[in-house]
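The values are calculated or read from the model by the stated rules, or taken from the named source; none is laboratory data. Nothing here was measured: the structure is a model prediction, and the numbers come from that model. Every residue, glycine as well, gets a Cβ built from its backbone with ideal geometry; the counts of neighbours run over all protein chains shown. For the accessible areas, the whole protein counts, side chains as well, though only heavy atoms, and no ligand, DNA or RNA atoms are used. Shrake-Rupley method; radii C 1.70, N 1.55, O 1.52, S 1.80 Å.
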Amino acid sequence: MKRVPLALLLAAGAAFAQPPAPERNAATQRDYQATLQRLGLRQADLRPGVDGFNRSAPNAVNRDEAAVGTVAPLPPLLVDAAGRPVTNAGAWRRRRREIMELFDREMYGRVPATAPAIHWELERVENRQLGGVALVTRHYIGHAATSGLDQPPIDMQLTLDMPEHVQRRVPVILELGFPEGFRFPGPPRPQPPGPTGRELVLQRGWGFAVLVPWTVQADDGAGLREGVIGYATHGGPRPNDSWGALRAWAWGADRAYDLLALDPHVDARRIAIEGLSRYGKAALVAMAYDERFSLGFIGSSGAGGAKLLRRNFGETIGNLAASGEYHWFAPNFLRYDGPLRTEDLPVDAHSLIALAAPRPLFIGAGNFEEDVWVDPRGSWEAARAASPVYRLLGVPGLVGDTYPAIGETRAEGRIAFRQHEGGHTNGPNWPAFLDFAARVWAERR
Ligand code: GCU
């Protein structure tokens, strides 16, 4: 499975800028156990996740559509907490706040009032060529505007590539991703032929920005006492309804938006957020919470992202709640891996997608063999289940009743879906995404 090396590599990437693994792992385990204790849970209360590596393991990941079984009823979107039907845009605004509160409390966690104000500093400016385009690259560092002695330093890393000769304000794609030139340890990986997503964006005359998520918040439990999460608690433990890394990365994207919107070349009404895998999850969280993003490109986001957790296919909540991934979520989320069940969650991926409505989303994944872990079909089903909210707001959501073929773009409505022929990457979906972006942004102007 190609997924496996990528996941390992991403973990290696996270560890890249950090101290040696054994100590860090031990610190993660300590935080994990302390988190369970604060929740009143024992390790034995939690159901283990599925095994994506060993196909003959008793808990091998389900990759068989026929074995999915009945999906438990999804929490309603268009009925409010008091049981009243939601039948107009005003009622949806109120319902939307209820759903955000559920995500805050039970899944992604709240942004504390003590989160830092960020001051962006222009570090350097570079003129260069990329993909045949002359451009200006601005390198920014984001610091906490104030910092106490017991607060960890913050150095958020953001770059903005702009074609050199822009005459008017242009759209920007903001990626949650790796810094340019970043190399995973090990032998170099071959680059697929043709222009990269970044080059395609620049060739359209648009801007391309990258925020490096691990400079906002480290990608492990050990890092919870550092980064913006550690800053907000002065290095102390997280309250059970407090943010995890996904919400922190999405918050970082909001701070990046603050800066981009001030740039005289940027059209603040046309800033998209994009990411792959764990960063695809964070991109969807950013879209859900921050209405300033007018478009999202959500790649292979899987469990904890666009895929329905109630669907037994690919990664499960047991994986998300284990020590390698629990830090992505509010501590409270762990309770749904025991004693509570997935079906007890008052939200699912369709609720998250609905929070983005009526703004356009492009949801992508790779082929079933190589990207099985993310359950591509589970995100198509979630998008369909979110579509009544789009319709209520006067636009079509995901259009079409039949599951699209690999390589087919479903983009008639405001939610586009495309499963490309490759593996766990956004690469082959870039051209279809950019055509979608051009169309939905043209409608907006
Ligand atoms: C692991 C993890 C996924 C995640 C992925 C990634 O596979 O289980 O939830 O999306 O890493 O970020 O590559």
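Okay, residues lined up against (1) touching a Ser or Thr at 6+ places or on another chain (Cβ under 8 Å); (2) modelled with pLDDT under 95; (3) hydrophobic (A, V, I, L, M, F, W, C):
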position: Val4; (1), (2), (3): no, yes, yes
position: Leu10; (1), (2), (3): yes, yes, yes
position: Gly13; (1), (2), (3): no, yes, no
position: Gln18; (1), (2), (3): no, yes, no
position: Ala34; (1), (2), (3): no, no, yes
position: Gln43; (1), (2), (3): no, yes, no
position: Ser56; (1), (2), (3): no, no, no
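Candidates in the stretch 312-344 are the residues that are charged (D, E, K, R) and more than 15 Å from the ligand (Cβ to nearest atom); of these, the one that is surrounded by the most Cβ atoms within 10 Å (Cβ to Cβ) is Arg335. Considering the stretch 69-93, and only residues there that are touching a residue at least 60 places away in the same chain (Cβ under 8 Å) and open to solvent by less than 50 Å² (accessible area, probe 1.4 Å), the residue that is farthest from the chain's Cα centre (by Cα) turns out to be Val86.
Restricting Asp155, Asp150 to those that are farther than 15 Å from Val210 by Cα, of a type outside the set (Lys, Arg) and over 19 Å from the mean Cα position of the chain (by Cα) reduces the list to Asp150. The single condition from (1) surrounded by 12 or more Cβ atoms within 10 Å (Cβ to Cβ); (2) among the basic types (Lys, Arg); (3) out of contact with any helix residue (DSSP H, G or I) (no Cβ under 8 Å at 6 or more places or on another chain) that Arg55 fails is (1).
Contact map, the stretch 280-298: first residue of a type in the set (Lys, Arg), second residue surrounded by fewer than 24 Cβ atoms within 10 Å (Cβ to Cβ) and part of a helix (DSSP H, G or I), Cβ cut-off under 8 Å, separation 6 or more or different chains; pairs are Arg292/Asp254; Arg292/Tyr257. Residues of the stretch 196-233 that are under 25 Å from Ala27 (Cβ atoms), assigned to a loop (DSSP other than H, G, I, E, B) and of a type in the set (Val, Ile, Thr): Val212, Val216, Thr233.
Taking each residue of the stretch 139-151 that is among the basic types (Lys, Arg) and looking for partners that are crowded, with 16+ Cβ neighbours inside 10 Å with beta-carbon atoms closer than 7 Å, six or more apart or interchain, yields nothing. For the stretch 198-213, a residue qualifies if it is buried (at least 24 other Cβ atoms within 10 Å of the Cβ) and either under 14 Å from Ala282 (Cβ atoms) or under 19 Å from the mean Cα position of the chain (by Cα) (or both), and the qualifying residues are Phe208, Ala209, Leu211, Pro213.
Taking the stretch 106-148 as the range and being among the hydrophobic types (A, V, I, L, M, F, W, C) and surrounded by fewer than 12 Cβ atoms within 10 Å (Cβ to Cβ) as the test, the residues that pass are Ala113, Ala117, Leu122, Val125, Ala145.
Of all residues in the stretch 26-41, those satisfying the criterion of being without any contact (Cβ under 8 Å) to a residue 40 or more places away in the chain and of a type in the set (S, T, N, Q) are Gln33, Gln37. For the stretch 267-292, the tally of residues that are more than 16 Å from the ligand (Cβ to nearest atom) and either more than 24 Å from Met162 (Cβ to Cβ) or surrounded by fewer than 24 Cβ atoms within 10 Å (Cβ to Cβ) (or both) stands at 10.
Out of Ser387, Ser351, Ser379, one residue alone is in contact (Cβ under 8 Å) with a residue 24 or more places away in the chain, within 16 Å of the ligand (Cβ to nearest atom), of a type outside the set (A, V, I, L, M) and not in a loop (DSSP other than H, G, I, E, B). It is Ser379. Going by the conditions given, is Ile229 open to solvent by less than 30 Å² (accessible area, probe 1.4 Å), out of contact with any His (no Cβ under 8 Å at 6 or more places or on another chain) and more than 25 Å from Phe433 (Cα to Cα)? When the stated conditions are applied, Ile229 passes them.
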